[in-house]
Amino acid sequence: MAAFRIRPPEIGSVALSALVTLYLLVATNKAFWSHAVIYFDRAWTGLLALGAALWLTTFSALTALSMKYVTKPVLIFSILVSASSSYFVDRFGVIIDKDMIGNVAATTGAEASHLLTGSLALHLALYALIPTLLIGWIKITHRRFFAKAGVNFLFIAPSLVLSGLLIYGNFATIAYALREHRDLMPRFNPAGPISAAVRYGLSAYRERNLVVQPLGTDATEGPRIADAGKAVVVVVVAGETARAMNFSLNGYKRETNPELEALGVVNYRDTTSCGTATAVSLPCMFSVYRRKQYSDWKARSTENLVNVLTHAGVSVTWWDNNTGSKGIANLISYASMSRQKGSPLCNNGECLDEILLGELDRKLGAVTTNSVIVLHQLGSHGPSYYLRYPEAFRRFTPDCRSPELMRCTTDEIVNAYDNTILYTDHILASVARLVEKHQDHVAGAMIYMSDHGESLGENGIYLHGAPYGIAPKEQTQVPFVAWFSKSYQETMGVDTACLARDADKPKSHDNLFHTVLGMMDVRTSVYDRSLDAFAACTRPVANERKNGISGYHASHGAAGASAGSL
């Protein structure tokens, strides 16, 4: 007897395109519709018109590609993209835009592993695997090519016309909602993430033959550092995912900065980031361009802070305990700490930030030249906050012990995050103590800025990477801390009491480039004294004081930026 077998149902390609379009709009666009209801504010006619127009447009696009051997791959691809995107958009409130695609492209295997959870697997099984298996099983009936093209056109043309009429008839309402809430359409699946990926790909393609232009080739060391008598060393700590509001130095109710407070650091309480993700903020921090003029293309095509320092003869080293320097350190000494084997501080390709301290101690003990050492932290990178600190710093409990934040209460998430800040406090204080340990031959200082902040569930948003224009302050307000050894203060003329009085004035990532140049007494036409956070509190050298110049650096105009005479 022949084996029992269920024959797959047959369906036309146009009908299947219509069903898949309906599935995508209903099943994988929860975040889009929930935000649209709020943004349209009971303007139901406009909202329904937009929904119908999106269905007609998506249906037209899928129908246009409904050719033999193409239909199933296109429909399956659309479902996979929408299902994957909807998990992160719905769960964490993120938006899959061009910058987020860039973050994904730069993500390491260790980072990605924290996002590969049971919840993700279940979501993909329900929203992607089952529908794609059904599409793979059914039989699609196709007409001959020209007949099919004609039938498809009969569906596509009126659909697009009707879509246009719906938009036109409700243009004022729809245009207002989309103009005021630019985050809405990037949430729409699958068009949003596909568009973002295409834009990222085009940007990457444009940069394939990029030629980096030199910057600050006139840089030299100034008289103060030349007469220092010992090596001047500045340790630049590039933080990760630390938000200012969870620093007790900024008034947070919990004591998350006991060690830094004991050291008497200078703390700037109102500091704004350049972006909301490492791929944007980190290059911007080290770029000569201010946030409003910054672009990824400009950053990649122009030398940065570390290059200008090397032009002045400063030795620059970059040690990374994160996902790399994002191209900043391509031309200087670079080492990835997470590649160390056998260290008790490392596990599964990630290391606790203490891995940086032993190397720093050895470097400071042997340094003989003026140097800048950049430490790129893993810091508070989520969602696995609990892996960012050792047991000794598990002070706030119960803490979330899972990368699946939805399984934890808000208090548990905040507890875990605050433990990461407490640990960062220890790392920064340890850096300062190591510099002080070697003060017999080093005049040293430390400057710390985080690249961006983090959302911990406020307004249903988690993690980071929101488009800057709509990003909450949790993602854009970052800590900025500086510490100066006695030897550095005396050698470089820094008045820390003056700096403390200036601590409430707004600062931003725009300040880092020029502040570090000032800290190393680098004289170059690309320096802008007005953006040097410490310039006003740095005593002038004798010849500048004699010439009546207030502050350390003289200033004069220069093309492109308000450059100082250094």
Check your understanding: Which one of E207, E221, E261 is within 30 Å of L456 (Cα to Cα) and of a type in the set (D, E)?
Key -> E261
Review point. Which is surrounded by 21 or more Cβ atoms within 10 Å (Cβ to Cβ) and not assigned by TED's automatic domain parsing to the domain that holds G365, of G239, G192, G201?
Key: G192
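Out of all the residues in segment 139-160, is one or more farther than 29 Å from M406 by Cβ, small (G, A, S) and in contact with a Leu (Cβ under 9 Å, 6 or more places away or on another chain)?
Scanning segment 139-160 turns up at least one residue that is farther than 29 Å from M406 by Cβ, small (G, A, S) and in contact with a Leu (Cβ under 9 Å, 6 or more places away or on another chain).
Taking the residues in segment 490-523 that are among the β-branched types (V, I, T) and outside any helix (DSSP H, G or I) as candidates, determine which candidate is surrounded by the fewest Cβ atoms within 10 Å (Cβ to Cβ). Spell out the reasoning first.
So in segment 490-523, the residues among the β-branched types (V, I, T) come out as 491, 494, 496, 515-516, 522.
Narrowing further to those that are outside any helix (DSSP H, G or I): 494, 522.
Values: V494: 22, V522: 27.
Ranking the candidates gives V494 first.
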Check your understanding: Any idea which of (1) more than 22 Å from G46 (Cα to Cα); (2) crowded, with 17+ Cβ neighbours inside 10 Å is the one T173 doesn't satisfy?
Key -> (1)
Revision key, fill the gap. Contact list, first residue from segment 193-212 and closer than 28 Å to S78 by Cα, second anywhere and at pLDDT 80 or above and outside any helix (DSSP H, G or I), beta-carbon distance below 7 Å, six or more apart or interchain, is P193/I96; A196/I96; A196/D97
Check your understanding: Just for segment 192-221: of the residues that are more than 22 Å from V308 (Cβ to Cβ) and among the hydroxyl-bearing types (S, T, Y), which one is farthest from the chain's Cα centre (by Cα)?
Key -> Y205
Review point. Mind checking which residues of segment 359-407 are assigned to a loop (DSSP other than H, G, I, E, B) and either outside the structural domain of Q475 (by TED's automatic domain parsing) or over 19 Å from I421 (Cα atoms) (or both)?
Key: V367, T368, T369, N370, E404
Check your understanding: Taking the condition at pLDDT 95 or above and in contact with an Asp or Glu (Cβ under 9 Å, 6 or more places away or on another chain), does V314 pass?
Key -> yes
Practice item. Identify, by number, the condition in (1) surrounded by fewer than 16 Cβ atoms within 10 Å (Cβ to Cβ); (2) at pLDDT 95 or above that A27 doesn't meet. Key: (1)
Check your understanding: Within segment 439-468, can you find the residues that are farther than 22 Å from G93 by Cα, in a loop (DSSP other than H, G, I, E, B) and touching a strand residue (DSSP E or B) at 6+ places or on another chain (Cβ under 7 Å)?
Key -> H441
Practice item. Kindly check whether there is at least one residue in segment 420-431 that is surrounded by fewer than 18 Cβ atoms within 10 Å (Cβ to Cβ) and on the phi < 0 side of the Ramachandran plot. Key: yes
**Study point:** Contacts under 9 angstrom Cβ, first residue in segment 471-490 being not assigned by TED's automatic domain parsing to the domain that holds D521, partner buried (at least 19 other Cβ atoms within 10 Å of the Cβ) and in a loop (DSSP other than H, G, I, E, B), 6 or more apart
**Key:** none
Exercise for review: Quick one: P344 ticks every box in (1) within 17 Å of A106 (Cα to Cα); (2) at pLDDT below 95 except a single one, so which number is it?
Suggested key: (1)
Review point. Of N307, N267, which residue is out of contact with any helix residue (DSSP H, G or I) (no Cβ under 7 Å at 6 or more places or on another chain), surrounded by 15 or more Cβ atoms within 10 Å (Cβ to Cβ), modelled with pLDDT of 95 or more and not in a loop (DSSP other than H, G, I, E, B)?
Key: N307
Practice item. List every residue pair whose Cβ atoms lie under 9 Å apart, where the two residues are 6 or more positions apart in sequence or sit on different chains, the first residue falls within segment 128-148 and is without any contact (Cβ under 8 Å) to a residue 40 or more places away in the chain and in the same structural domain as T28 (by TED's automatic domain parsing), and the second residue, located anywhere, is surrounded by fewer than 17 Cβ atoms within 10 Å (Cβ to Cβ) and in a helix (DSSP H, G or I). Key: R143/A149; R143/G150; R143/V151
Review point. Is at least one residue of segment 276-283 touching a Phe, Trp or Tyr at 6+ places or on another chain (Cβ under 6 Å), assigned by TED's automatic domain parsing to the domain that holds I373 and in a helix (DSSP H, G or I)?
Key: no
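Going by what's in this entry, would E412 be described as among the charged types (D, E, K, R), touching a strand residue (DSSP E or B) at 6+ places or on another chain (Cβ under 9 Å) and at pLDDT 95 or above?
no
The values are calculated or read from the model by the stated rules, or taken from the named source; none is laboratory data. Computed from a prediction, not measured in an experiment: that's the story for all the values here. No Cβ is skipped: glycine too gets one built from the backbone with ideal geometry, and neighbour counts run over all protein chains shown.
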